[in-house]
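Heads up: the structure comes next, in structure tokens.
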Amino acid sequence: MDRNMLTIVDLVTRFLRHMIEVSGSKVAGEMLDHLLGRINMLRVYAMNAPGQLDISIQLMNAIVESIEAR
């Protein structure tokens with residue numbers, strides 16, 4: 001796994017943890033912690049598919065823009 005991919009996985013993980021933290025949902029946080037290893041493994045596999053990284057970035061941008069619009 002290259003360094004850029006590790007950076008992306010780390011940033012998305014931090015983003016997800018922040019979203020759970022601000023939601024105040026302890027149950028969701030515990031579920032995320034339990035599933036995070038699997039989620040990150042699947043994320044790495046997905047990012048290796050042609051064009052998937054660009055799609056993932058577009059989706060994350062859409063999430064951030066929706067949050068900012070609130």
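The values are calculated or read from the model by the stated rules, or taken from the named source; none is laboratory data. The structure presented is a predicted model; accordingly, all values stated were derived computationally and were not measured. All Cβ positions, even for glycine, are placed from backbone atoms using ideal geometry, and neighbour counts span all protein chains on display. The accessibility values were calculated without ligands, DNA or RNA, using every heavy atom of the protein model including side chains. Shrake-Rupley method; radii C 1.70, N 1.55, O 1.52, S 1.80 Å.
When region 11-70 is described by a simple charge dipole with +1 on each Lys and Arg Cβ and -1 on each Asp and Glu Cβ, the residue from GLN58, LEU32, MET47 located farthest towards its positive end is LEU32. Rounded to the nearest 20 debye, the dipole magnitude of the chain is 140 debye, with +1 charges on Lys and Arg beta carbons, -1 on Asp and Glu beta carbons, and the Cα centre as origin.
Mean shadow of the chain, computed from the convex hull of its alpha carbons, in nm²?
Averaged projected area of the chain's Cα convex hull equals 5.0 nm².
Taking the 1.4 Å solvent-accessible surface of the chain as the whole, the part contributed by carbon and sulfur is 60%.
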